[in-house]
């Protein structure tokens, strides 16, 4: 059973960005599954590495669309992304020092992602909905 199931409530109305959000949810669910199998600690570093790469690419994609379409909240949204990327880097350091548990990371990621998609990202949805996807 997944920790987070995709729901239409998560949709920002742009299929490609929704697909990217689904991939982020899948990563969180993968950590959850590893924890249920007693392999949470082993799954942490690969997840942090994958999350870093994928999130940065996703953030860049969102931000490029915002710039292209002159989204008025671009600067604020970009700062939120930068703050999260910095936190992921901090989580990696905590992992290296063995100060981060799989459960801690799971809860942090779940709460941040759901809040970010449902609140922050949903704000750009109506503004960017009419754009063609690439």
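Just a few scattered comments:
- One residue stands out in the stretch 1-16 among those that are farther than 23 Å from residue 106 by Cβ and part of a helix (DSSP H, G or I): the one that is nearest to the chain's Cα centre (by Cα), namely 16.
- Subset of the stretch 19-34 that is buried (at least 17 other Cβ atoms within 10 Å of the Cβ) and more than 11 Å from the chain's Cα centre (by Cα) - its residue that is nearest to residue 52 (Cα to Cα): 31
- Some residue of the stretch 77-98 being surrounded by 15 or more Cβ atoms within 10 Å (Cβ to Cβ), in contact with a helix residue (DSSP H, G or I) (Cβ under 8 Å, 6 or more places away or on another chain), in contact (Cβ under 8 Å) with a residue 60 or more places away in the chain and under 24 Å from residue 5 (Cα atoms): no
- Among the residues of this structure, residue 55 does not count as one that is in contact with a helix residue (DSSP H, G or I) (Cβ under 8 Å, 6 or more places away or on another chain), farther than 17 Å from residue 121 by Cα and either crowded, with 18+ Cβ neighbours inside 10 Å or without any contact (Cβ under 8 Å) to a residue 40 or more places away in the chain (or both).
Read-outs: derived from the displayed coordinates by stated rules, not from any lab. What you see is a predicted model; the values in this text were computed from it and never measured. Reconstructed Cβ throughout: ideal geometry from the backbone, glycine too, with neighbour counts over all protein chains shown.
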